[in-house]
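Worksheet for the structure shown next.
The values are calculated or read from the model by the stated rules, or taken from the named source; none is laboratory data. All figures in this text were calculated on a predicted structure; none of them were measured in a lab. Cβ placement follows ideal geometry from the backbone for every residue including glycine, while neighbour counts extend to all protein chains displayed. Side chains included, ligands, DNA and RNA excluded: accessible areas come from the protein's heavy atoms. Shrake-Rupley method; radii C 1.70, N 1.55, O 1.52, S 1.80 Å.
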Amino acid sequence: MADTNKRSPSGEPILRHQTVDRPFQPAVADDAAAKRITAHIERNIGEITGVFHEIVSDLVHIDVHVVAPTADRNYYTLVTSGMSDLPMQTPPGAEDFRYAELMMCLPATWKISNEDFEDERNYWPIRWMKTLARLPHEHKTWLYLGHTIPNGDPAEPYADNTEFSCLLLSIPKQVVSLKDFFSLPISEDKTIHFYGVIPIYPEE
């Protein structure tokens, strides 16, 4: 929920999200939209080499698609699908941005197998992509460019091998054609926007 009396040094309002007491709501995946997103990823980024599926999903079914490093793109690219199955609750004037998905890039040396993900030091980027993808639906809010989401209050590192403790949503500049990738029209009243997720340090 928003507390308009609390503002960041930049003057922007700080939203504090409390634990929501509600029953589990099984998600119904939009398979047609997922296929469109998959094609969009492969057309603009590269071949999808793996997908981390959710087995049981609350509110929305979040999958994380993996594009492996290549000679031209020497890093992993992770892209969600499912966040856009439901609209976010945007403020007046931002209705065109009700639907979103997320993208994050990881070093080519990142340990990314299912076995590696048993260690939180490897898994936290995936965990937080899913957390962010579900956050606006759980808290009836929205995510947009320039929003920052800390790991707690005060923010704590995501794992014991990193000092990153906050995520920034930004333009996904790592794609070949930002113009083609940023927006994916699905229907007359639904366009999905793709936001880059960038881990940042407390001093940033």
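Structure notes:
- Bins of 10 Å, starting at 0 and running to the largest distance - Cα pair percent for region 20-154: 11, 40, 37, 11, 1
- Val51-Gln89 FRET efficiency (beta carbon distance; Förster radius 35 Å; 0.05 resolution): 0.80
- Size of electric dipole in region 129-204: Cβ of Lys, Arg +1 and of Asp, Glu -1, about Cα centre, debye, nearest 20: 380
- Local electrostatic count at Gly82 - Lys and Arg +1, Asp and Glu -1, tallied over other residues with Cβ under 13 Å: -3
- Looking at region 146-204, none of the chymotrypsin sites (Phe, Trp or Tyr not before Pro) sits in a DSSP loop with at most 13 other Cβ atoms within 10 Å of its own Cβ.
- Which listed pairs, of Lys35/Lys130; Lys130/Lys173; Lys35/Lys179; Lys140/Lys179; Lys111/Lys179, have C-alpha distances above 24 Å, in listed order: Lys140/Lys179; Lys111/Lys179
- Think of a 1.4 Å ball rolled over the protein heavy atoms: region 69-150 then has 47 Å² of accessible area per residue.
- For Val28, net neighbour charge (Lys/Arg +1, Asp/Glu -1) across residues whose Cβ lies under 12 Å away: -4
- Gain upon complete extension [Glu138, Val28; 0.36 nm per residue less C-alpha separation]: 38.1 nm
- The Cα center of region 55-92 and the Cα center of region 133-193 differ in position by 10 Å.
- All other residues whose Cβ lies under 11 angstrom from that of Glu120 are scored, Lys and Arg at +1 and Asp and Glu at -1, for a net of -2.
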